[in-house]
């Protein structure tokens with residue numbers, strides 16, 4: 001879990017809700033060279049169990065793009081999770097973990113032809129799409145495969161909307177499914193995505209209603225879908241309040257009962273961030289501390305290009321819970337810092353007005369919580385600085 005909900009300019013209280021295994025008091029005892037990402041695999045197991053319990057009967061296909069570490073994949077596979085991929089490379093990672101491609105969903109709606117052919121040859125048989133050209137590609141390289149049409153839904157309540165790039169409207173979705181049938185493909189399902197880190201429950205209800213409309217239309221064409229894929233968007237706890245999983249599952253389950261003309265045999269979902277974000281903390285070292293035009297600057301050995309890209313995608317508004325290695329962190333006088341990365345790019349700046357102990361200096365450490373999702377999967381070696389090292393605890 002993450003720290004208590006606080007305003008931007010309020011000093012953080014002790015993050016008692018962080019997993020105990022990666023609590024700052026534990027991190028203060030670690031001597032590993034920074035930067036590193038410490039992941040607790042038992043927290044990953046806990047989030048998976050919570051998810052399948054709250055959404056009983058919904059098949060969980062982990063969206064591996066947000067954290068494809070072998071240890072994470074192996075942990076989830078070991079407790080029964082299924083998976084979703086966006087590329088042949090991701091499928092290869094799963095195969096190296098022993099995952100059967102037949103249990104995997106290929107949810108990227110536009111795919112390289114070679115990836116389609118190789119995935120199909122490996123045994124993957126369910127492919128998402130949202131346009132006619134993609135159907136012709138699938139018919140050629142994955143003949144007879146099952147296809148899942150992605151519909152566009154309202155994702156305006158999410159931090160990271162996706163509908164501009166992906167999805168089609170309901171009327172076009174119907175025509176696409178008829179085309180799929182004509183091409184010898186199997187019209188199998190409908191999917192949507194309410195946007196990553198969705199902040200309210202209503203979008204799921206609205207999206208299920210859209211899917212239900214399509215299902216009713218297709219029934220008139222003698223097509224009965226076998227899958228409804230709820231996509232992702234299930235939020236993790238960072239600094240801002242988010243709906244609880246129980247509230248989200250309540251909205252989903254009631255909508256499935258009320259808004260669908262029939263219940264497909266398979267209901268699936270593709271959680272990513274919810275399963276892994278709160279399992280890890282990024283540990284960064286302070287490289288420098290400067291004052292520029294009256295503004296306190298803190299330079300770290302990890303930056304936006306080395307694991308914290310989401311802070312750039314949201315123009316500095318994406319707030320991770322922060323703590324420091326100072327033993328008096330909770331009681332020390334704090335000041336606002338602009339926190340920046342190690343590179344020579346001025347846009348490599350992650351946090352503004354971050355309240356941290358006023359006496360922070362070189363060789364102190366900053367702990368960036370809820371860092372298990374979309375961190376190392378985005379990391380590069382920009383400017384010659386390597387990505388953080390990955391460390392794992394909670395192995396079995």
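Where residues in segment 286-308 are out of contact with any strand residue (DSSP E or B) (no Cβ under 8 Å at 6 or more places or on another chain) and either surrounded by 16 or more Cβ atoms within 10 Å (Cβ to Cβ) or not assigned by TED's automatic domain parsing to the domain that holds residue 347 (or both), which of them is farthest from residue 388 (Cα to Cα)?
This residue is 305.
Taking the condition closer than 18 Å to residue 105 by Cβ and within 26 Å of the chain's Cα centre (by Cα), does residue 159 pass?
So residue 159 does not fit the description; no.
For (1) in a helix (DSSP H, G or I); (2) in contact with a strand residue (DSSP E or B) (Cβ under 6 Å, 6 or more places away or on another chain); (3) surrounded by fewer than 22 Cβ atoms within 10 Å (Cβ to Cβ), each residue gets a yes or a no:
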site: 235; (1), (2), (3): no, yes, no
site: 248; (1), (2), (3): yes, no, no
site: 261; (1), (2), (3): no, no, yes
site: 264; (1), (2), (3): no, yes, yes
site: 284; (1), (2), (3): no, yes, no
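How about segment 286-297: which of its residues are free of Cβ contacts under 8 Å to residues at least 12 places away in the same chain and in a strand (DSSP E or B)?
290, 291, 292 - these are the residues of segment 286-297 that are free of Cβ contacts under 8 Å to residues at least 12 places away in the same chain and in a strand (DSSP E or B).
Counting just the residues of segment 48-66 that are assigned to a helix (DSSP H, G or I) and under 13 Å from the mean Cα position of the chain (by Cα), which one comes out nearest to residue 21 (Cα to Cα)?
66
Do the conditions hold for residue 132, that is, is it in contact (Cβ under 8 Å) with a residue 40 or more places away in the chain, buried (at least 19 other Cβ atoms within 10 Å of the Cβ) and touching a helix residue (DSSP H, G or I) at 6+ places or on another chain (Cβ under 7 Å)?
When the stated conditions are applied, residue 132 does not pass them.
Select from segment 220-233 the residues that are on the phi < 0 side of the Ramachandran plot, buried (at least 16 other Cβ atoms within 10 Å of the Cβ), touching a residue at least 40 places away in the same chain (Cβ under 8 Å) and in a loop (DSSP other than H, G, I, E, B) and list them in ascending order.
Of everything in segment 220-233, those that are on the phi < 0 side of the Ramachandran plot, buried (at least 16 other Cβ atoms within 10 Å of the Cβ), touching a residue at least 40 places away in the same chain (Cβ under 8 Å) and in a loop (DSSP other than H, G, I, E, B) turn out to be 223, 230, 232.
Out of curiosity, is residue 345 assigned by TED's automatic domain parsing to the domain that holds residue 30, at pLDDT below 95 and farther than 21 Å from residue 311 by Cβ?
When the stated conditions are applied, residue 345 does not pass them.
With respect to residue 280, is the statement that it is modelled with pLDDT of 95 or more, within 15 Å of the chain's Cα centre (by Cα) and farther than 30 Å from residue 177 by Cβ true?
yes
Can you tell which of 199, 180 is in the same structural domain as residue 113 (by TED's automatic domain parsing), farther than 19 Å from residue 111 by Cβ and either within 17 Å of the chain's Cα centre (by Cα) or surrounded by 21 or more Cβ atoms within 10 Å (Cβ to Cβ) (or both)?
None of the other options fit; the residue is 199.
Pairs only if they're at least six apart or on different chains, beta carbon under 7 angstrom, first in segment 347-361 and within 8 Å of residue 337 (Cα to Cα), second modelled with pLDDT of 95 or more and surrounded by fewer than 18 Cβ atoms within 10 Å (Cβ to Cβ); list them, first residue then second.
Close Cβ pairs satisfying both conditions: 353/336; 354/336; 355/336.
Any idea which of 254, 324 is buried (at least 21 other Cβ atoms within 10 Å of the Cβ), farther than 27 Å from residue 146 by Cβ and modelled with pLDDT of 95 or more?
Exactly one residue qualifies, and that residue is 324.
Does residue 186 meet the test of being farther than 29 Å from residue 277 by Cα, in contact with a strand residue (DSSP E or B) (Cβ under 7 Å, 6 or more places away or on another chain) and modelled with pLDDT of 95 or more?
Yes; evaluated as a whole, the condition is true for this residue.
Check residue 375 against each of (1) part of a loop (DSSP other than H, G, I, E, B); (2) farther than 24 Å from residue 33 by Cα; (3) in contact (Cβ under 8 Å) with a residue 24 or more places away in the chain and name the one condition it does not meet.
Single failed check for residue 375: (2).
Sort out which residues of segment 359-373 are buried (at least 16 other Cβ atoms within 10 Å of the Cβ) and farther than 13 Å from residue 278 by Cβ, and write them in order of number.
Answer for segment 359-373, where residues must be buried (at least 16 other Cβ atoms within 10 Å of the Cβ) and farther than 13 Å from residue 278 by Cβ: 360, 364, 365, 366, 367.
Per-residue answers, yes or no, for (1) modelled with pLDDT of 95 or more; (2) touching a helix residue (DSSP H, G or I) at 6+ places or on another chain (Cβ under 7 Å):
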{"position": "276", "(1), (2)": "yes, yes"}
{"position": "299", "(1), (2)": "yes, no"}
{"position": "317", "(1), (2)": "no, no"}
{"position": "353", "(1), (2)": "no, no"}
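The values are calculated or read from the model by the stated rules, or taken from the named source; none is laboratory data. Values in this document were obtained by computation on a predicted structure and should not be read as measured data. So basically every Cβ, Gly included, is an ideal-geometry build from the backbone, and we count neighbours across all protein chains shown.
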